[in-house]
Protein chains: 2
Amino acid sequence: MNLCLIDQRQVLSFIERCMLAVGTKPNHARSLAEVLVEGDRRGHYSHGLNRMDMYVKDIQHGVCAKDGEPAVEKETVATALVDGKNLLGPVVGNFCMDLAIRKAQNVGIGSNHYGIAGYYSMQALDANMIGMSYTNTSPLVVPTRAKECTLGTNPISVAAPANNGDSFVLDMATSSVALGKIELHERRGDIIPEGWGCDSQGRLSTDPRKVLNGGGLVPIGGCEATGGYKGFGLGMMVEVFCGMLAGSHYSQNIRTWKVTDRAANLGQCFVAVNPANFAPGFNDRMSDILSLHRGLEPAEPSCAVLTPGDPERIQIIKCQNLGGIPYHLSVVKVMVSFSL
Amino acid sequence: MNLCLIDQRQVLSFIERCMLAVGTKPNHARSLAEVLVEGDRRGHYSHGLNRMDMYVKDIQHGVCAKDGEPAVEKETVATALVDGKNLLGPVVGNFCMDLAIRKAQNVGIGSNHYGIAGYYSMQALDANMIGMSYTNTSPLVVPTRAKECTLGTNPISVAAPANNGDSFVLDMATSSVALGKIELHERRGDIIPEGWGCDSQGRLSTDPRKVLNGGGLVPIGGCEATGGYKGFGLGMMVEVFCGMLAGSHYSQNIRTWKVTDRAANLGQCFVAVNPANFAPGFNDRMSDILSLHRGLEPAEPSCAVLTPGDPERIQIIKCQNLGGIPYHLSVVKVMVSFSL
């Protein structure tokens, strides 16, 4: 393992400078750099520095706007329809989540890749609210019983505050695994566990090459017998909240993954709920249910029971102790040579 | 297979009379009968006539109230906290969903088993709105890495209207399968697929007896390697929306499944969202995404690709063609002898 350690301020500044070099507005470049570094710091390396080149290319090819600000198109006391003006995902995401926190419900439209979904849901935590964030993405998932990809990995993120800064942070794709995990196995020449992907005939396969060449990811739950149709249903639910409400692109009319021939025009949905409007003691109950789970006797003594958000918390502490974010040297090399 | 066919009005009337016999208010008995028959008609037999004895016993033992009406405890323009007064689940569910449709957001508290979650989310369809319904339930699911049950099957239901009465209806437990499916395999002496349940040591097991005796259901996604932690996260997310917001019982302080020693005091959450507040053309997009999926070439020619709600739609048409609801004779015998 070729690892290197980089101070997070340096990563932030590097991403910012790369984006500025292609003409991105300074505050937009900053927003993007922040969400990517936060992805890495939380251990979601597939949504961090590793993806910078994609954002740079989107700006370079003009499929993503470098100037302008999001605009509210339609509004009620509790909802808003926001036109993202084809700006960088984090610019639109931050705008919408801020609005949602003030209103307690909101939906965004026409944005771009926005990094980790949890970055937005967690913005509600400081206001002691429940935050939610959903986005549709390019088709990579094959529905139960089908053979072709029609849905993205369509993530769901829900964050809820407990006491003393503790929280519940669910941040999950509705596919069994991320595409990156399959790519990693292919590069190493390893087989993948059954239930991660299928071949071009819609059959579960343990060969990563078949999944990547004409096959696709499988919804969470795996095959039909183990409940894969539930994961398919959740992926479509995310489309209902995003593409259907926002009137953006959806399902198969979203551009192919990593292709920059046209604007992504993704649909996103941001929600904030104030627990103060419901039964008193929300934070206490949250702390209690988190403690209850963390205190469970584990099946394997060396594998503690974790609640959603704990793996990321462990990674953040690791970065703090190391004094930087550990990266695979290969990712850093690719990004540095790309920036030259 | 010993099947019999019963007219749905007869099933409705039978359940109503059984509930009235133990002193349930007439409109409450009617509400319960309606949701149970709808469960059967949609093919969710585990939440239909099959469960009637549980509701009768809850009333008989005084752990469920036979009189009174739900009350709004706290209210904003977009939210409400409702005290279910320990009434029958459907009485509280109908009250809350009706309020949610009028407000477009709402959460209920202190209710009882409410039948199929989809019964409530679907009430929004007539108003051309998106409906959602969530409930916590007695602990039956073992979290990833743990050995004991801490969460219920905590269902998620989301319904969204398309054109001409068509709709998307997701109605799923956050466990891989329902407990009833494991019981069925045990009775037949069959093994279960890997990924349905675990033994008392938290290890996946294909022996239904081990799952039912000291083990438990597994979250959707199965073991950790296939993403079971996502299902665990979704189950906990339902607790955030239900037990945490409502201040009802939650997780391990909910009474054991089928034990009637104390009130269930479940937490439930009902949401309605009006697509008219967002981009125009919602119903058209819904029809399009449903058609797109139903028109996919299936991996197995005999197994058509279905969208959430289609299996239930097929069962409803079957009942209409048969002129009644097909029941296993054993269920009918048990319920008839119970009513005598």
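The values are calculated or read from the model by the stated rules, or taken from the named source; none is laboratory data. These numbers come from a predicted model, not from an experiment. Reconstructed Cβ throughout: ideal geometry from the backbone, glycine too, with neighbour counts over all protein chains shown. Heavy atoms of the whole protein, side chains included, go into the accessibility calculation; ligands, DNA and RNA do not. Shrake-Rupley method; radii C 1.70, N 1.55, O 1.52, S 1.80 Å.
Does A:Lys333 qualify as being touching a strand residue (DSSP E or B) at 6+ places or on another chain (Cβ under 9 Å) and surrounded by fewer than 16 Cβ atoms within 10 Å (Cβ to Cβ)?
So A:Lys333 does not fit the description; no.
Regarding A:Tyr250, is this residue away from chain B (no Cβ under 14 Å) and at pLDDT 90 or above? Against the criterion (away from chain B (no Cβ under 14 Å) and at pLDDT 90 or above), A:Tyr250 does not qualify. Apart from one condition, B:Val177 fits all of (1) open to solvent by less than 20 Å² (accessible area, probe 1.4 Å); (2) modelled with pLDDT of 95 or more; (3) not polar (S, T, N, Q); the exception is (2). Would it be correct to say that B:Ile325 is more than 10 Å from every other protein chain (Cβ to nearest Cβ) and surrounded by fewer than 22 Cβ atoms within 10 Å (Cβ to Cβ)? When the stated conditions are applied, B:Ile325 does not pass them. When B:Thr144 is tested against the conditions (1) open to solvent by 10 Å² or more (accessible area, probe 1.4 Å); (2) more than 8 Å from chain A (Cβ to nearest Cβ), the lone failure is (2).
Within region A:198-236, the set of residues being within 7 Å of another protein chain (Cβ to nearest Cβ), farther than 20 Å from B:Ala225 by Cβ and either open to solvent by 10 Å² or more (accessible area, probe 1.4 Å) or not in a helix (DSSP H, G or I) (or both) comprises A:Gln201, A:Gly202. If I ask for residues that are without any contact (Cβ under 8 Å) to a residue 24 or more places away in the chain and either among the acidic types (Asp, Glu) or within 16 Å of B:Arg145 (Cβ to Cβ) (or both), which ones from region B:206-249 would you list? Within region B:206-249, B:Asp207, B:Ala225, B:Gly227, B:Lys230, B:Gly233 qualify. When A:Ile317 is tested against (1) of a type in the set (A, V, I, L, M, F, W, C); (2) touching a strand residue (DSSP E or B) at 6+ places or on another chain (Cβ under 7 Å); (3) more than 10 Å from chain B (Cβ to nearest Cβ); (4) free of Cβ contacts under 8 Å to residues at least 24 places away in the same chain, exactly one condition is not met: (2). When restricted to residues that are modelled with pLDDT under 90 and part of a helix (DSSP H, G or I), region B:100-126 contains 4.
For region B:184-197, the set of residues classified as open to solvent by 50 Å² or more (accessible area, probe 1.4 Å) and not in a helix (DSSP H, G or I) consists of B:Gly189, B:Asp190, B:Ile191, B:Glu194, listed by residue number.
Taken over region A:42-67, residues that are polar (S, T, N, Q) and within 21 Å of A:Ile325 (Cα to Cα) amount to 2.
Contact map, region A:172-191: first residue aliphatic (A, V, I, L, M), second residue open to solvent by 70 Å² or more (accessible area, probe 1.4 Å), Cβ cut-off under 9 Å, separation 6 or more or different chains; pairs are A:Met172/B:Tyr229. The number of residues in region B:269-284 being within 27 Å of the chain's Cα centre (by Cα) and within 7 Å of another protein chain (Cβ to nearest Cβ) comes to 2.
One residue stands out in region A:67-83 among those that are part of a strand (DSSP E or B) and without any contact (Cβ under 8 Å) to a residue 24 or more places away in the chain: the one that is surrounded by the fewest Cβ atoms within 10 Å (Cβ to Cβ), namely A:Ala71. The condition of being closer than 23 Å to A:Ala272 by Cα, within 14 Å of another protein chain (Cβ to nearest Cβ) and in a loop (DSSP other than H, G, I, E, B) holds for only one of B:Asn163, B:Asn154, that being B:Asn154.
Looking only at residues in region B:290-308 that are in contact with a strand residue (DSSP E or B) (Cβ under 8 Å, 6 or more places away or on another chain) and outside any loop (DSSP other than H, G, I, E, B), which one is surrounded by the fewest Cβ atoms within 10 Å (Cβ to Cβ)?
Out of the qualifying residues, it is B:Pro298.
Only residues that are assigned to a helix (DSSP H, G or I), open to solvent by less than 30 Å² (accessible area, probe 1.4 Å) and closer than 16 Å to B:Cys319 by Cβ were counted in region B:36-53, giving 5.
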